[in-house]
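Visitor: What follows is a structure written as C-alpha cells; I'll ask about it next.
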Amino acid sequence: MSEFQIDTRPSVEVAQARANGRPIVALESTIITHGMPWPQNAEMARQVEADIRAAGAVPATIAVISGVLHIGLEDLELDALAQVKDAMKLSRADLAVCLATGRTGATTVAATMICAARAGIEVFATGGIGGVHQGAETSFDISADLHELATSPVNVVAAGAKAILDIPKTLEVLETLGVPVIAYGQDEFPAFWSRESGLKAPLRLDDPAAIARSFRMRRALGLPGGQLIGNPVPPEAEIARAQMAPVISDATAEAARQGITGKAVTPFLLGHILTLTQGRSLATNINLVRNNARLAAAIACALGQSA
Ligand code: PSU
Ligand code: MN
C-alpha cells in the first residue's frame, strides 16, 4: 500500500463537531465561485452556514485551496474563495489533478459528495444538481453528478433540477443508475425556481426521520450510492414554470449561438438567466439553498439519532 496522503484540513468548527459526535452538513463551493456573483455569493454562503447552525448541525463548506482539501472553511477563507476569479470547477475527473498541482478549485455536487464521503459526512445541501442537458442526444452532455449519486453514500438535498436540463431524461438516467429520487412533502419532483416540474417523483417521503431510515436501510442492503432529496422552493419565493420557460429557451439558444460547451455550459446559463430575470432568479436561488440547508440539518440530526 502507498503512504500517499491527501493534505486535508478540517475547520476548527468541524474538528470540534467530530470530537463531540455532532451532526455535520456538507456544502459545495462551485455554487459560490461559478453559480453566483460577488458579493451575493459570499453573503449566501455565510447565511446558509448560519441556517445549518440554527437548525442544530455544523456546516462544512468543501473546497480545495492551494492544493489543500478543506472540510469546512474559516470565514476569511470563504471570503477569499468567493472572490477568486480563476478557481477550477472540480468534478470527479478534476479533483486529483487540482490537489496534485497545488491549485485552487471549487467542488461541484459530484466532487463534494466524494470529499464528504471520505470525511464521514452523510448529508449535503446544494441548490440544484447537474443532469442531462437539453440536446444531450447530440451533445452527450450528462453531468457526472448523476453517476456520483449512484456511487458515493451521501444524502443530497436539492431543489430538484433546473429546466435548463432535460428533466425527464435526468429522471430516467437516475432510475437506470438505481438512485432513489425522493420528493419531500409533495408528489411532484420540483424544478428549482418552481415547485412543480409537471413530473411525479418516483418516491415521496414527508419527514427527515424516514429519509434517514431509508439511507440506513440501503447500507444494510449493501447498496452503494446515496439518495437525492427533491425539496421544493418555499411558495413565497417561487417563480412559476410558465414564467421561467421563455427565459430558459433564450439562455439555451444564446449558449448554442456562442458555441458554449462542456464545463462552461452550466455557469453560462446561470449567468445569462440572472441577467434576463434582472436578479429575481438570484433571490429565489438563495431562498431555496437556505431551505435545503434547513432540511439537510434535520436529516443529519435524524441520522445522528439512528447511528
Ligand atoms: N445547478 C445549479 N447551480 C449550480 C450548479 C448546478 O442550479 O451552481 C453547479 C453544481 O456545482 C453542479 C454543477 O454540481 O453546477 C454541475 O455542472 P456540470 O453540469 O458541468 O456537471
Ligand atoms: Mn456537463
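Visitor: With more than 13 Å from ligand 1 (Cβ to nearest atom), of a type in the set (Lys, Arg), in contact with a helix residue (DSSP H, G or I) (Cβ under 8 Å, 6 or more places away or on another chain) and farther than 23 Å from VAL154 by Cβ as the only criterion, which of ARG195, ARG280 stands out? If you could, list the steps in order and put the result at the bottom.
Guide: Numbers: ARG280 fails: in contact with a helix residue (DSSP H, G or I) (Cβ under 8 Å, 6 or more places away or on another chain).
Criteria check complete, one pass: ARG195.
Visitor: Is at least one residue of segment 210-221 in contact (Cβ under 8 Å) with a residue 12 or more places away in the chain, surrounded by 13 or more Cβ atoms within 10 Å (Cβ to Cβ), among the basic types (Lys, Arg) and within 16 Å of ligand 2 (Cβ to nearest atom)?
Guide: First, pick out the residues of segment 210-221 that are in contact (Cβ under 8 Å) with a residue 12 or more places away in the chain: 211-216, 218-219.
Remaining after also requiring surrounded by 13 or more Cβ atoms within 10 Å (Cβ to Cβ): 211-216, 218.
The next check asks that each one be among the basic types (Lys, Arg); those that pass are 213, 216, 218.
In the following step, the residues that additionally are within 16 Å of ligand 2 (Cβ to nearest atom) were identified as none.
Within segment 210-221, none of the residues are in contact (Cβ under 8 Å) with a residue 12 or more places away in the chain, surrounded by 13 or more Cβ atoms within 10 Å (Cβ to Cβ), among the basic types (Lys, Arg) and within 16 Å of ligand 2 (Cβ to nearest atom).
Visitor: Could I ask something else about it? Within segment 93-114, restricting attention to residues that are within 16 Å of HIS147 (Cβ to Cβ) and part of a helix (DSSP H, G or I), which residue is nearest to ligand 1 (Cβ to nearest atom)? Give the steps one after another, and end with the answer.
Guide: The first filter runs over segment 93-114 and keeps only residues within 16 Å of HIS147 (Cβ to Cβ), leaving 93-95, 107-114.
Next cut, part of a helix (DSSP H, G or I) only: 95, 109-114.
On the way: LEU95: 13, VAL109: 3, ALA110: 6, ALA111: 8, THR112: 8, MET113: 9, ILE114: 12 Å.
By that ranking, first place goes to VAL109.
Visitor: Here is a further query. Pick out the one residue from ARG46, ARG53 that is of a type in the set (D, E, K, R), free of Cβ contacts under 8 Å to residues at least 24 places away in the same chain and either within 16 Å of ligand 1 (Cβ to nearest atom) or outside any loop (DSSP other than H, G, I, E, B) (or both). It would help to see each step written out before you state the result.
Guide: On the way: ARG46 fails: free of Cβ contacts under 8 Å to residues at least 24 places away in the same chain.
Result: ARG53 is the single residue among ARG46, ARG53 that is of a type in the set (D, E, K, R), free of Cβ contacts under 8 Å to residues at least 24 places away in the same chain and either within 16 Å of ligand 1 (Cβ to nearest atom) or outside any loop (DSSP other than H, G, I, E, B) (or both).
Visitor: Restricting attention to segment 61-92, which residues are outside any loop (DSSP other than H, G, I, E, B) and in contact with a Phe, Trp or Tyr (Cβ under 9 Å, 6 or more places away or on another chain)? Even if it seems obvious, please write down each step before you answer.
Guide: In the first step, residues of segment 61-92 are kept if they are outside any loop (DSSP other than H, G, I, E, B); the result is 61-65, 68-71, 75-81, 88-90.
Passing the criteria: only ILE62.
Visitor: List the number of the failed condition for LYS263; all other conditions in (1) closer than 14 Å to TRP193 by Cα; (2) buried (at least 16 other Cβ atoms within 10 Å of the Cβ); (3) touching a strand residue (DSSP E or B) at 6+ places or on another chain (Cβ under 8 Å) hold.
Guide: With (1) closer than 14 Å to TRP193 by Cα; (2) buried (at least 16 other Cβ atoms within 10 Å of the Cβ); (3) touching a strand residue (DSSP E or B) at 6+ places or on another chain (Cβ under 8 Å) applied to LYS263, the lone miss is (1).
Visitor: Does VAL233 satisfy being open to solvent by less than 10 Å² (accessible area, probe 1.4 Å), part of a helix (DSSP H, G or I), within 14 Å of ligand 1 (Cβ to nearest atom) and under 18 Å from ALA183 (Cα atoms)? It would help to see each step written out before you state the result.
Guide: On the way: open to solvent by less than 10 Å² (accessible area, probe 1.4 Å): yes; part of a helix (DSSP H, G or I): no; within 14 Å of ligand 1 (Cβ to nearest atom): yes; under 18 Å from ALA183 (Cα atoms): yes.
In short, no.
The values are calculated or read from the model by the stated rules, or taken from the named source; none is laboratory data. Quantities reported herein were computed from a predicted structural model and do not represent experimental measurements. With ideal geometry, Cβ positions are generated from the backbone for all residues, glycine too; neighbour counts draw on all protein chains shown. Side chains are part of the model used for accessible areas, which takes the heavy atoms of the whole protein and leaves out ligands, DNA and RNA. Shrake-Rupley method; radii C 1.70, N 1.55, O 1.52, S 1.80 Å.
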